[in-house]
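The values are calculated or read from the model by the stated rules, or taken from the named source; none is laboratory data. Keep in mind it's a predicted model, so treat the numbers as computed, not measured. Because the Cβ atoms are built from the backbone with ideal geometry, glycine has one as well, and the counts that use them run over all protein chains shown. Just so you know, the surface numbers come from the protein's heavy atoms only, side chains and all, with ligands and any DNA or RNA stripped out. Shrake-Rupley method; radii C 1.70, N 1.55, O 1.52, S 1.80 Å.
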Amino acid sequence: TDNFKLTFGIRADMPIFLDKPGVDTHFNETTIPMLEAAGWDMMGAQAGQMPTSQILWSPRIGFNWDVKGDETTQLRGGVGIFTSRLPLVWPGGSYTNNGLTIGGVYYKGSDIVFSGDWEDQYENTDFGMQDAVPSGQMDLFTADFKFPQMFRANLGLDQKLGWGVIGTIDGIFTKTINNVNYFNMNVNKESEYNLTGADTRPYYSDSKIDPTYTRIIVGTNTNEGYAYNFSAMLEKPFNNGFTANLAYSFGRSMAINDGTSSQNSSQWRYNESVSGLNNLDLTYSDFDQGHRVTTFLSYRKEYFNHAATQISVFYNGASGYRFSYVYNDYGDLNGEGENSGNLLYVPASQGDIVFANAETADAQWAALNDYIESDSYLSTRRGDYAERNGARTPFSNMIDLKIAQDFFIKAGSKRHKLQLTLDVFNLGNLLNPDWGRRWYVGNDAFQLVKFKGFADDGTTPTFEYTEPRSTWSADDSGLRSSRWMAQVGVRYSF
């Protein structure tokens, strides 16, 4: 109608793999029965097979309603299902990590002469060794594996307020339908025992079910995960050349596996957990937004009929990046032996932690206790485990400045304009070296306490604490960094 518009449609995606990986018969005939006997459900995954092609439907509907018919109140929104493709390096792993394509050569010796010809490289037979076939890592996907899909709904309101102010409110909600998750099925599914003491996390054996292979990484789907975002904005264009805007938003994002790596094994290995890498919990996503405040003020002035100057200042204040508090243990604390991703148990008292060096235990506890008390997140987790991505780096405040100088003339029917611009990114850091800092934690995980092995009982972990110089580092890379930058520009338009 004149004041109501409805849009709807449907989209269909069907991923098709035209070739199949090499078939490792040993894996299908021998290894799969061993894995199933150990309690794993292969969900149809097997060597030489890619996921079954299937249609993924994405219906959507949206509306835009001019409530009063005078463009003063606009209500808009929609719901739908959205489908994404995978980074193709992930399914590509099934073609390279298939048990049969072996390309690893490890040899040390003074008789090696470099060859620049990619078709004339060393093989194991050149050194009297043989490739073990099958061997290596297996990358598989379940038979009914689906590309990522999500349900999403949004609702927004634009309202003309008094004095020429425009107000906007937006809300959006996303629910996972299919997302990616991984398991390493070449390890025992159940733990051997639980640690003793305050920290009772499960302990696993890293022994292989079938030592023919290293990891057997199986990609599957999860429907756990959701996200929502709320934002509000006020905007005011003035008659005297000023324009101002103020906006606030808050976002929350929860996930099982964020899928941030290029390799299937890394998707599994590099997560933080308490119960083990095959038992990830729903927790804060790496991309959880938190709070954000943005504003800008701009002033433009024309003069002499042939020139104009515009000065704009932008501010972006945002919650820090998510990160996890973990042990420095490289997987030994829970027996997996994979990475230092064991989430920290935050002791409520000195009795909750055993220090390897008894002589310095009191001093170590005093230092650790002071650190916990001074940390706004850890102080709330005493007697419990730190959450994956539970902590944040400090709030960041960034200010940018843009100055644009225009010169224009009209020749015939055309207007010619020459524009000179100056952009200063992170103006605060230019004014004060301690301002405009953006912080990060390497690999989103901070190793606070070092695991030093088990006590005589073999199940009680012992630790060592050394006070860190700092928890986070200043982000000093790229355009949006802690270092101020400036650029000049010239543009001619006609």
Item to check | Options Tyr228, Tyr284: the member that is of a type in the set (Phe, Trp, Tyr) and more than 25 Å from Gly442 (Cα to Cα) | outcome: Tyr228
Item to check | Near pairs, Cβ below 9 angstrom, 6+ apart or cross-chain, from the range 138-155 (at pLDDT 95 or above and in a loop (DSSP other than H, G, I, E, B)) to any residue that is open to solvent by 60 Å² or more (accessible area, probe 1.4 Å) and among the aromatic types (Phe, Trp, Tyr) | outcome: Pro148/Phe82
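Quick check, is Phe230 in contact (Cβ under 8 Å) with a residue 12 or more places away in the chain, surrounded by 15 or more Cβ atoms within 10 Å (Cβ to Cβ) and of a type outside the set (Lys, Arg)?
Working: in contact (Cβ under 8 Å) with a residue 12 or more places away in the chain: yes; surrounded by 15 or more Cβ atoms within 10 Å (Cβ to Cβ): no; of a type outside the set (Lys, Arg): yes.
Answer is no for this residue.
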Next on the checklist: Take residues that are without any contact (Cβ under 8 Å) to a residue 24 or more places away in the chain and among the small types (Gly, Ala, Ser) and tell me which of the strands (runs of 3 or more DSSP E) falling wholly in the range 322-429 contain 1 or more.
Outcome noted: 396-411
Item to check | Some residue of the range 189-207 being farther than 30 Å from Gly383 by Cβ, free of Cβ contacts under 8 Å to residues at least 40 places away in the same chain and in a loop (DSSP other than H, G, I, E, B) | outcome: yes
Checklist outcome for this item: So the strands (runs of 3 or more DSSP E) completely within the range 441-494 holding 1 or more residues that are farther than 24 Å from Tyr270 by Cβ and of a type in the set (Val, Ile, Thr) are 461-464, 485-493
Checklist entry - When you look at Ser135, is it assigned to a loop (DSSP other than H, G, I, E, B), under 30 Å from Asn181 (Cα atoms) and among the hydroxyl-bearing types (Ser, Thr, Tyr), yes or no? => result yes
Checklist outcome for this item: Exactly one of Trp65, Trp40 is out of contact with any helix residue (DSSP H, G or I) (no Cβ under 6 Å at 6 or more places or on another chain), part of a loop (DSSP other than H, G, I, E, B) and surrounded by 15 or more Cβ atoms within 10 Å (Cβ to Cβ), and that one is Trp40
Next on the checklist: With aromatic (Phe, Trp, Tyr) and open to solvent by 80 Å² or more (accessible area, probe 1.4 Å) as the only criterion, which of Phe296, Phe304 stands out?
Outcome noted: Phe304
Item to check | Test for Glu123: is it open to solvent by 80 Å² or more (accessible area, probe 1.4 Å) and within 30 Å of Phe27 (Cβ to Cβ) | outcome: yes
Checklist outcome for this item: Scanning the range 391-441 for residues that are open to solvent by less than 50 Å² (accessible area, probe 1.4 Å), of a type in the set (Phe, Trp, Tyr) and more than 30 Å from Phe304 (Cβ to Cβ) gives Phe425
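Assess whether Lys236 counts as being more than 30 Å from Phe145 (Cβ to Cβ), in contact with a helix residue (DSSP H, G or I) (Cβ under 7 Å, 6 or more places away or on another chain) and either in a strand (DSSP E or B) or at pLDDT 95 or above (or both).
Judged against the criteria, Lys236 is a match.
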Next on the checklist: Restricting to the range 83-133, count the residues that are over 34 Å from the mean Cα position of the chain (by Cα) and of a type in the set (Gly, Ala, Ser).
Outcome noted: 6
Checklist entry - Out of the range 469-494, which residues are under 30 Å from Val346 (Cα atoms) and loosely packed, with under 11 Cβ neighbours inside 10 Å? => result Arg469, Ser470
Checklist outcome for this item: The residue that is nearest to Met14 (Cα to Cα), considering only those in the range 55-91 that are acidic (Asp, Glu) and touching a residue at least 12 places away in the same chain (Cβ under 8 Å), is Asp66
Checklist entry - Given the structure, is Thr52 of a type in the set (S, T, N, Q), in contact with an Asp or Glu (Cβ under 8 Å, 6 or more places away or on another chain) and in a loop (DSSP other than H, G, I, E, B)? => result yes
Checklist entry - Can you name every residue in the range 215-233 that is assigned to a loop (DSSP other than H, G, I, E, B) and either modelled with pLDDT under 95 or closer than 14 Å to Phe296 by Cα (or both)? => result none
Item to check | Search result, residues across the range 68-107 that are surrounded by fewer than 14 Cβ atoms within 10 Å (Cβ to Cβ) and of a type outside the set (Gly, Ala, Ser) | outcome: Lys68, Asp70, Glu71, Thr72, Arg85, Pro87, Leu88, Val89, Tyr106, Tyr107
Next on the checklist: Take the residues in the range 156-176 that are among the β-branched types (Val, Ile, Thr) and open to solvent by less than 40 Å² (accessible area, probe 1.4 Å); name whichever of them is modelled with the lowest pLDDT.
Outcome noted: Val165
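Quick one: would you say Ile353 is open to solvent by less than 50 Å² (accessible area, probe 1.4 Å), more than 30 Å from Asp206 (Cα to Cα) and either out of contact with any Gly (no Cβ under 7 Å at 6 or more places or on another chain) or charged (D, E, K, R) (or both)?
Numbers: open to solvent by less than 50 Å² (accessible area, probe 1.4 Å): yes; more than 30 Å from Asp206 (Cα to Cα): no; either out of contact with any Gly (no Cβ under 7 Å at 6 or more places or on another chain) or charged (D, E, K, R) (or both): yes.
Criteria not met by Ile353.
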Item to check | Pair list, Cβ under 7 Å, 6 or more apart: the range 442-464 residue closer than 16 Å to Ser273 by Cα and open to solvent by 30 Å² or more (accessible area, probe 1.4 Å), other residue assigned to a strand (DSSP E or B) and not β-branched (Val, Ile, Thr) | outcome: Asp444/Arg322; Asp444/Phe323; Asp444/Ser324; Gln447/Tyr327; Gln447/Asn328
Checklist outcome for this item: Filtering the range 235-278 down to residues that are open to solvent by less than 50 Å² (accessible area, probe 1.4 Å), of a type in the set (A, V, I, L, M, F, W, C) and over 30 Å from Asp384 (Cα atoms) yields Ala244, Ala247
Checklist entry - Taking interchain pairs and intrachain pairs at least six residues apart, which have beta carbon atoms under 8 angstrom, with the first residue in the range 1-24 and among the small types (Gly, Ala, Ser) and the second open to solvent by 100 Å² or more (accessible area, probe 1.4 Å) and at pLDDT 95 or above? => result Ala12/Trp57
